[in-house]
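Report on one structure; see the data block that follows.
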Amino acid sequence: MSAADSAPPTVDAPDSALEAVPGGPYAPPPTGLTHRRGPFTKGDRVQLTDPKGRLHTVVLEPGKQFHTHRGAVEHDALLGRPEGIVVTSTGGTDYLALRPLLVDFVLSMPRGATVVYPKDAAQIITYADIFPGARVLEAGVGSGALSCSLLRAIGDAGRLVSYERREDFAAVAQRNIETFFGGPHPAHTIRVGDLLESRERDIDRVILDMLAPWDVIDTVSAALLPGGVVCAYVATTTQLSRVVEALRGHGTFAEPAAFETMMRNWHVEGLAVRPGHRMVGHTGFLVTARRLADGVTPPVRRRRPAKTGLGEAPDPAVAGLDPAVAGVTDPGAVPAATVPAVVASSNSDPVAPAAEGQAEA
Ligand SMILES: C[S@@+](CC[C@H](N)C(=O)[O-])C[C@H]1O[C@@H](n2cnc3c(N)ncnc32)[C@H](O)[C@@H]1O
């Protein structure tokens, strides 16, 4: 090792690991960060939780008070103090003070249209593979709930173009998104109009939350780059079937995958550890598909012929069918003629464990 190798670095080293990374103090902070970290400041939204778990949201202003029937809380008692403190009203009630998370904000913000629930927004971010810097096309914007999640995932260097055909909904969404981020987001554009009018190209991901996503498949196909992902969120099985068949029949997409997510909260107290009594039973289904390169025909995938389980040759009537659909566990449950012989490829199931041919050594 030479003397130069062992000499101390001549440039000022950052004081902490955070300073060395993009977004540290040497780079402009990501949009919205100033209202998410550090002591409470003027203009911050604060969620106050009372002893019964009721939530109240206040926007901090010096000299102002928040009034409840349990007395008043001075905003000055919060300003300059850290998140997670407890403040006491003049009536003696304690309130826990925290900034609302995106989940809290979405469930309490003003709504034009129905929002994508946080559990589904989380799935969309992962299964539609939304990444920092991505170019994303979305329709409709509705109340802007999903847009907030998408903007967070793509960051300031990405681009989100959100189409909404109702001007009043677009205005609600714009307000909600600006409230959440503390101002306009540099990566976001809302266009009032039908997605069918879009001439967007070179898009990485398209997210559809609308009544009739099958109507816009040509537009989506033209917008997406090869390998791009389309993800549709639909509420009913009839919509699910129609959008999957439209994607499958279009010829420019690989085999679609469809799934839903159920989330059940648990009650955990002492020995009483059990599922909660209530849950949101249904929100919607997600469909994802990848854009093929131009001119490519989707490969036909077949499952292995189902075994009868009795050492016999497979029944030709059910060969090539998913065992569950073919009625192997319940013979005769589905007439073979009603089920197509070519079914989804094994890797079209987004939540299955390592599929055939993908198993790790
Ligand atoms: C369920 S809402 C979307 C909610 C939104 N994803 C959210 O999380 O707040 C569906 C919206 O799609 C809009 N819409 C339906 N078809 C459309 C189309 N072809 N182009 C643009 N917007 C459309 C509707 O006006 C409606 O506001």
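Some notes on this structure:
- Residue count for the stretch 100-115, restricted to those that are β-branched (Val, Ile, Thr) and either more than 11 Å from the ligand (Cβ to nearest atom) or more than 18 Å from VAL280 (Cβ to Cβ) (or both): 1
- Residues in the stretch 79-114 that are in a helix (DSSP H, G or I) and more than 17 Å from ARG152 (Cβ to Cβ): SER108 only.
- Tally of residues being under 26 Å from ALA223 (Cβ atoms) and without any contact (Cβ under 8 Å) to a residue 60 or more places away in the chain across the stretch 261-286: 1
- Figure legend. Inter-residue proximity from the stretch 131-155: first residues within 12 Å of ALA113 (Cα to Cα), second residues in a strand (DSSP E or B) and near the ligand (Cβ under 6 Å from one of its atoms), beta-carbon distance below 8 Å, spacing 6+ or different chains. Indicated pairs: GLY140/TYR163; GLY140/GLU164; VAL141/TYR163; VAL141/GLU164; GLY142/GLU164.
- The helices (runs of 4 or more DSSP H) located wholly in the stretch 119-228 that include 1 or more residues which are in contact with a strand residue (DSSP E or B) (Cβ under 8 Å, 6 or more places away or on another chain) and near the ligand (Cβ under 8 Å from one of its atoms) occupy 145-154, 167-181.
- Among residues of the stretch 221-272, those that are farther than 21 Å from GLY142 by Cβ, buried (at least 21 other Cβ atoms within 10 Å of the Cβ) and in contact with a Ser or Thr (Cβ under 6 Å, 6 or more places away or on another chain), counted: 2
- Subset of the stretch 256-291 [under 17 Å from the mean Cα position of the chain (by Cα) and in a strand (DSSP E or B)]: ALA257, ALA258, PHE259, GLU260, PHE285, LEU286, VAL287, THR288, ALA289
- Boolean, VAL206 is in contact with an Asp or Glu (Cβ under 7 Å, 6 or more places away or on another chain) and under 27 Å from GLY32 (Cβ atoms): no
- Residues being among the charged types (D, E, K, R), more than 22 Å from ARG37 (Cβ to Cβ) and in the same structural domain as VAL46 (by TED's automatic domain parsing) - total across the stretch 62-112: 4
- Among the residues of the stretch 142-161, those that are out of contact with any Gly (no Cβ under 9 Å at 6 or more places or on another chain) and under 15 Å from GLU200 (Cβ atoms) comprise LEU160, VAL161.
- Among the residues of the stretch 50-97, those identified as surrounded by fewer than 16 Cβ atoms within 10 Å (Cβ to Cβ) and among the aliphatic types (A, V, I, L, M) are LEU55, VAL59, ALA72, ILE85, VAL86.
The values are calculated or read from the model by the stated rules, or taken from the named source; none is laboratory data. Quick caveat: nothing in here was measured; it's all calculated off a predicted structure. Every residue, glycine as well, gets a Cβ built from its backbone with ideal geometry; the counts of neighbours run over all protein chains shown.
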